[in-house]
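*Asks:* I have a structure here, written as structure tokens, and I will follow up with some questions on it.
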Amino acid sequence: MNLNFVVSEEEQDIRIDKYLTDCCSGMSRSFLQKLLKSGNILVDGKLVKSSYKVSEGNQISCQVPEAVEPEILAEPMDLDILYEDQSVLLVNKPKGMVVHPAAGHLSGTLVNGLMYHCRGQLSGINGVLRPGIVHRIDMDTTGVLIVCKNDFSHQHIAAQLKEHSITRRYQAIVYGVLKEDYMTIDAPIGRHPSERKKMSINTKNGKRAVTHVSVLERFRNYTYIECRLETGRTHQIRVHMASIHHPLVGDMLYGPGRSPFSELQGQTLHAGVLGFIHPESGQYMEIAADLPEYFEAMLCKLRNIKY
């Protein structure tokens, strides 16, 4: 794949790796730095280093090698399917399961199980690695995930996600006691400036993110909440709650470095309800997933009752 850019007056004096990261959606800065080192990127026909600062009128050519995607194996799994028809499938994803294959996770993912269950009847819009996947939830987040069985359904659901018309309600347990019963967090989220694995509140380069928070139950040092997503940014609930100093219990990335609950695996976050307009019938549907056992056990511990 060949990409070509011409630097404008407003874009000059930016490091070329930063400039290309902004221009090339889906490509990481580290990947682009490797292309610069390997000679796949030229400025006015010449090799430059990552630290080179672009000038107005620079002509930049990028030759991006075609990605070689590994063959994804269909694996039999005991999937918790909440609803299924010829267009969509809604599954209750368990804790610890990765949604789609990636480096270090080529098997045991939800996609591996879906490929076996659906026998090839999955949308192909997101490519070989993500058949049927129109959105995802984090590895340690549980709950409802919608899967599309054909491209028409995929486009229909993707449009609803883009318009923010899909209902998504999550349950979570956070550190500290929230004083207000209801609140709305409206703060843009973007990539963390120095830690690539993290997202952060980013007023300069972030995208608008809105989370509506309702208190379900208060405890001595914790609060059980429901979050309704108006937008769907990466790690949105985790980043928003951490930004108001109430990070999710068990969240080792955005919360305290050590959790008081050693039995926890990752954040206490559950995608409890997903509502959408069905691609074929045009009817509104709402699918719910019960709280997982670990979450119920946590609530019982905080209520001082036996699980």
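The values are calculated or read from the model by the stated rules, or taken from the named source; none is laboratory data. Here the structure is a predicted model, which is why all the values come from computation and not from measurement. Because the Cβ atoms are built from the backbone with ideal geometry, glycine has one as well, and the counts that use them run over all protein chains shown. The protein model used for the area step is the full one, side chains on, heavy atoms only, and it has no ligands, DNA or RNA in it. Shrake-Rupley method; radii C 1.70, N 1.55, O 1.52, S 1.80 Å.
*Asks:* Identify which of Leu161, Leu42, Leu253 has the largest mean-square fluctuation in a Gaussian network model of the chain, with springs joining Cα atoms closer than 10 Å.
*Replies:* Leu42
*Asks:* Right, here's the next one. Measuring from centroid to centroid over Cα atoms, what is the spacing of the stretch 75-139 and the stretch 154-187 in Å?
*Replies:* Measuring centre to centre over Cα atoms gives 22 Å.
*Asks:* Could you list the trypsin sites (Lys or Arg not before Pro) in the stretch 221-307 that lie in coil according to DSSP, counting only those with at most 16 other Cβ atoms within 10 Å of their Cβ?
*Replies:* For trypsin sites (Lys or Arg not before Pro) across the stretch 221-307 that sit outside H, G, I, E and B with at most 16 neighbouring Cβ atoms in 10 Å, the list reads Arg258, Lys306.
*Asks:* Enter the accessible area per residue of the chain (Å², integer; probe 1.4 Å; all protein chains in place).
*Replies:* Normalised by residue count, the accessible surface of the chain is 53 Å².
*Asks:* May I pose another question? First check a/c for the stretch 183-307, with a ≥ b ≥ c the square roots of the eigenvalues of its C-alpha gyration tensor; if it is under 1.5, answer rounded, and if not, answer prolate when a/b is larger than b/c or oblate otherwise.
*Replies:* The shape class here is oblate.
*Asks:* Filter the GluC sites (Glu not before Pro) in the stretch 143-198 to those in DSSP coil with at most 11 other Cβ atoms within 10 Å of their Cβ, and list the result.
*Replies:* Answer in residue order: Glu180, Glu195.
*Asks:* Between their Cα atoms, which of Lys49/Lys197; Lys18/Lys46; Lys179/Lys306; Lys93/Lys306; Lys18/Lys162 are more than 22 Å away from each other?
*Replies:* Lys49/Lys197; Lys179/Lys306; Lys93/Lys306; Lys18/Lys162
*Asks:* Taking all protein chains as present, what is the carbon and sulfur share of the accessible area of the stretch 1-60, in % to the nearest whole number, probe 1.4 Å?
*Replies:* Carbon and sulfur together cover 47 percent of it.
*Asks:* What does the helix-only formula give at 222 nm for the chain: each DSSP H stretch with n ≥ 4 adding -39500 (n - 2.57), the total divided by the residues, and the result rounded to the nearest 500 deg cm²/dmol?
*Replies:* Estimated from H runs of four or more residues: -5500 deg cm²/dmol.
*Asks:* For Asp186, what accessible area in Å² do you get when you roll a 1.4 Å probe over the heavy atoms of the protein chains, rounding to the nearest 10?
*Replies:* Number for this one is 80 Å².
*Asks:* For the chain, modelled as a GNM with alpha-carbon contacts under 10 angstrom, which of Glu263, Glu11, Glu293 fluctuates the most?
*Replies:* Taking springs between Cα atoms under 10 Å, the residue moving most is Glu11.
*Asks:* Share of Cα-Cα pairs in the stretch 119-182 beyond 13 Å, in percent?
*Replies:* 71
*Asks:* May I ask you to give the average projected area over all directions of the convex hull of the Cα atoms of the chain, in nm² rounded to one decimal?
*Replies:* Its average projected convex-hull area is 18.1 nm².
*Asks:* What is the extension gain from Cys23 to Tyr182, computed as 0.36 nm multiplied by their sequence separation minus the C-alpha to C-alpha distance, in nm to one decimal?
*Replies:* Once the chain is fully extended between Cys23 and Tyr182, it gains 53.4 nm.
*Asks:* Which residue, Gly266, Gly120, Gly132, has the most motion in a Gaussian network model of the chain that connects Cα atoms within less than 10 Å?
*Replies:* Comparing Gly266, Gly120, Gly132 in a Gaussian network model of the chain, the most mobile one is Gly120.
*Asks:* Then there is this: Carbon and sulfur: what percent of the stretch 144-260's accessible surface (1.4 Å probe)?
*Replies:* With neighbouring chains kept in place, the figure for the stretch 144-260 is 47 percent.
*Asks:* Also, I was wondering about something else. In whole Å, what are the extents of the stretch 48-118 along the principal axes defined by its C-alpha atoms, from largest to smallest?
*Replies:* Between the extreme Cα coordinates on each principal axis of the stretch 48-118 lie 55, 24, 23 Å.
*Asks:* List the GluC sites (Glu not before Pro) in the stretch 48-147 that DSSP assigns to loop (not H, G, I, E or B) and whose Cβ has at most 11 other Cβ atoms within 10 Å. Which are they?
*Replies:* Glu66, Glu71
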